[in-house]
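We did not get these values from a lab; they are worked out from the coordinates using the rules stated. If you're wondering where the values come from, they're calculated on a predicted model, not measured in any experiment. Cβ atoms come from the backbone with ideal geometry, glycine included; neighbour counts cover every protein chain shown.
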Amino acid sequence: MKSYQIDIRGVVQGVGFRPFVYRLATKLNLKGEVLNNSLGVTIKVNATQKELELFLEKLQKELPPLAKIDSIKSREIEFQEFTNFSIIQTSEQSLKTALLPPDISICRECEAELFDKNNRRYLYPFITCTNCGVRYSIIEKLPYDRINTSMKFFKMCDECQREYNNPLDRRYHAQPIGCWNCGPSVELLINNQEVKIEGLDAIEDAVSLLKSGKIIALKGVGGYHLICDATNEEAIKELRKRKKRAHKPFAIMVKDITMAKELAIISLKEEELLSSKERPIVICKSLLPSNSKIAPNISKIGLFLPYTPLHLLILEKLQKPIVATSANISDEPIAINLESLQKLHNVYDAVLNHNREIVNGCDDSVVMLVQNRVVTLRRARGYTPLSIKLPFKLKEPTLALGANQKSTIAIGFEDNAILSPHIGDLDGINSIEYYKKNIETLQRIYNFEPKRAVCDIHPNYESTKHALEITTQNKNITLNQVQHHHAHILATMVEYKLTGKVFGVAFDGTGAGTDGKLWGGEFLLCDYQSFKRIAHINYFKLLGGERAIKEPKRVALSLLFDTFGKEALSLNIPTIQSFKKKELHILYLAWQKGLNAPLSSSMGRLFDAVASITGVIQELSFEGQSGLLLEELYNPDIDTAYSFKVNNESIAIQTLIQEIIDEPDKTVAVSRFFNTIVNIVASIYQEYSNYPLLLSGGVFQNSVLLNLLLEKFPNAYISNKIPPNDGGITLGQIVSL
Ligand SMILES: [Zn+2]
Ligand SMILES: [Zn+2]
């Protein structure tokens, strides 16, 4: 018999890990102790070599659902006599570097109790245990103890307290526990809070309102949703009208997998994702008619399952799918309290509210499957805060400030990076305030002081401005600026811990290039220090600057001028027809003189141009719309492609444009366009094929393009945990040297 110390790192605090160790040790008749420390959990145990091995094996095999072990090390220590096995209470000393678990959906045991008439928490909308429920959204700071969360306002009743104190109970140290007697409660607010209904009646009445076609603001985990009956076309039409959201698809929450299968074709892997403890929105193949108001003209549908007891109770009573969209104004942050929700008072008819404060806002996560690989489109609830192990140790604590759209932030220390959830676009004052609040939150939770700040090279990004502000105010913090597409590729390198040189294809909207132009169709040879631009889409002019991003017809027109000169004006194609004659002449002059017409090599804009020329869409009503509509036209039976030329490092696309115009069938034109992009990648990569191929950037949210490229290059790397869009930029910034 010897004494051993076992050190475990990973997500091992606030997830029922110590009681799990306690139960296991007791079962194996081992004596010793377990305690939290700043890096994770330490166990001391008296055992023989054989007993130790069995204990270590079971520790890893029988982990509680929310725990995750990054490393486990054991060593012999000086002999110590233990008389029993005990859990040592965490002292108030700092446990800041321990990893914080995310908000997790309701577990099976709690769900069973929720609908068990004999359980004291029968139908209690906030039932939870150590294996499920809110975490990140309620925490103010580490260590994760009730006193540091918004649950501190609820004093536990005797019964709850007993469960909380019992290491053998599923609710041992489950910080958010409560019951009908002591925990949070729901209320339904109607007529601007004049009428207030409480308890189960609130849920009952909310469901009646939904049945009669009303729109309800529902307080969930990380913010409010706007919900309505997804089978009621009139209700959805009304929601679109009130929210001023004409076409952008709505996500649908379904009661269970059976209901999901009535709306979409769902693969086994998609079913797993839908029912996973993170419960993201999963983009599936829709079974709805193309004129459905849920996602007009798009054959995909975003589905998710109820992730809290409250959602379960609503859907159980309604027995119908609901539209569930974040309650926010266009790209502003999600509303997290009645005050911020107030701005939407014209949109909802009633509020189903509760009194557990949301400390940290957090949207729903969105994922899709391409070639059976999970692609994260928005990383938030369930996955966040995400910690990623870096391939090397950082020299100093680093704060990464991200880009401007789909912004996130990240902090990095030693070989850890911790990423915030999706914050949103930094276009308005409210968004910028929310962004700064997120920085404070992450710094506060982890007691983090940066020595280095990293941002984009774009001077007008709000994130860049903020980085400059921080570093001017605090001379001890150095500033590092990273080119946008380099950061995209670096982020993917980190995920796979690649350390050598890589060949990166960065296709996205627009990002500032080192030559002052707007890049976005880039082929880069990269490592952590630097990159070499191997090739890019030939520059074209974005007529009207920012306006060209929302109006594909302007990009198309510019490419038409590049190809045909003034002759373009007499072409009989949808792009030209979509302009007034006078506009065309003004824009021709602007093109000729380069007035308000920045040069760009963006692949995203090239997709827009093709959508305009083929008459698919001229003006966007939401970001990414043209790509989604082009996907609809792709026909895999068409395997031909258009021609392109590479001159030095620039990929000429005039012949491509010419050939698309000459093609009368838009299905053929669009399919060949997709195939051409694949050929371009293949042709440029050919010479560099001894380097790993990495694909990153917002254009890779296009599942048709991504699918074609992964078919051709099955070994290509594509981000899995972080989004390929600008939401992943911070991870790349953290590791730039
Ligand atoms: Zn539970
Ligand atoms: Zn209670």
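So the values come out like this:
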{"read-out": "Greater than 30 Å apart at Cα, pairs in K645/K666; K320/K406; K219/K261", "value": "K320/K406"}
{"read-out": "Low-density loop cleavage sites - trypsin sites (Lys or Arg not before Pro) in the range 386-449, where at most 16 other Cβ are within 10 Å (DSSP)", "value": "K393, K395"}
{"read-out": "Overall Cα dimensions of the range 2-87, principal axis frame, Å, largest first", "value": "31, 24, 21"}
{"read-out": "Mean residue ellipticity (222 nm) of the chain, computed from DSSP H runs ≥ 4 via -39,500 (n - 2.57), nearest 500", "value": "-9500 deg cm²/dmol"}
{"read-out": "18 Å cut-off, amide nitrogen to a point 7 angstrom out along T478 Cα→Cβ, residues in the range 373-414", "value": "392-401, 412-414"}
{"read-out": "Scattering profile of the range 537-718 at q = 0.18 Å⁻¹ [log10 I(q)/I(0), Debye over alpha-carbon scatterers]", "value": "-1.22"}
{"read-out": "Cα long-axis angle, helix 200-211 against the chain (0 to 90 degrees, to the nearest 10)", "value": "20"}
{"read-out": "Under-5 Å amide H pairs with V186, H placed in peptide plane, nonlocal only", "value": "G199"}
{"read-out": "Footprinting exposure proxy for K219, K497 (fewest neighbouring C-beta atoms within 10 Å first)", "value": "K497, K219"}
{"read-out": "Ranked by how many other beta carbons lie within 10 Å on average, peptides 276-289, 156-169 from highest", "value": "276-289, 156-169"}
{"read-out": "Distant alpha-carbon pairs in the chain (separation over 43 angstrom), percent", "value": "30"}
{"read-out": "Placed amide H near I106: partners under 5 Å, 5+ positions off or other chain", "value": "G133, T308"}
{"read-out": "Residue-wise HN-Hα coupling along the range 217-228, computed from phi with Karplus coefficients 6.51, -1.76, 1.60 (Hz; x: Gly, Pro)", "value": "8, 10, 7, x, 8, x, x, 9, 10, 9, 10, 8"}
{"read-out": "Approximate spin-label separation D70-T667, in nm, with each point projected 7 Å along Cα-to-Cβ", "value": "5.1"}
{"read-out": "Degrees separating the helix 49-61 axis from the principal Cα axis of the chain, which is the longest one", "value": "50"}
{"read-out": "Bridge type composition, the chain - antiparallel percent by DSSP, nearest 5", "value": "75"}
{"read-out": "Residue order, fewest to most surrounding Cβ atoms within 10 angstrom, among F713, F250, F79, F673", "value": "F79, F713, F250, F673"}
{"read-out": "Percentage of interatomic Cα-Cα distances in the range 241-287 larger than 15 Å", "value": "46"}
{"read-out": "Helix 581-593 vs. the chain, principal-axis angle (Cα, 0 to 90°, nearest 10)", "value": "80"}
{"read-out": "Order by protection proxy (mean Cβ within 10 Å, highest first), peptides 45-55, 638-648", "value": "45-55, 638-648"}
{"read-out": "Whole-Hz ³J(HN,Hα) from phi, Karplus 6.51 cos²θ - 1.76 cosθ + 1.60, for the range 687-698, glycine and proline x", "value": "6, 10, 5, 7, 9, x, 9, 10, 10, 8, x, x"}
{"read-out": "Rounded to the nearest 20 debye, dipole of the range 385-482 from Cβ charges on Lys, Arg, Asp, Glu", "value": "260"}
{"read-out": "Derived scalar couplings ³J(HN,Hα) [the range 506-511; Karplus, 6.51 cos²θ - 1.76 cosθ + 1.60; whole Hz; x for Gly, Pro]", "value": "10, 10, 8, x, 10, x"}
{"read-out": "Extended-chain gain in nm, criterion 0.36 nm per residue less alpha-carbon gap, Q686 and D415", "value": "94.2 nm"}
{"read-out": "Greater than 28 Å apart at Cα, pairs in K517/K566; K117/K211; K465/K532; K343/K517", "value": "K343/K517"}
{"read-out": "Peptides ranked, highest mean first, by Cβ atoms within 10 Å: ranges 374-384, 103-113", "value": "374-384, 103-113"}
{"read-out": "Long-range amide H partners of V370 with built H, under 5 Å", "value": "V375"}
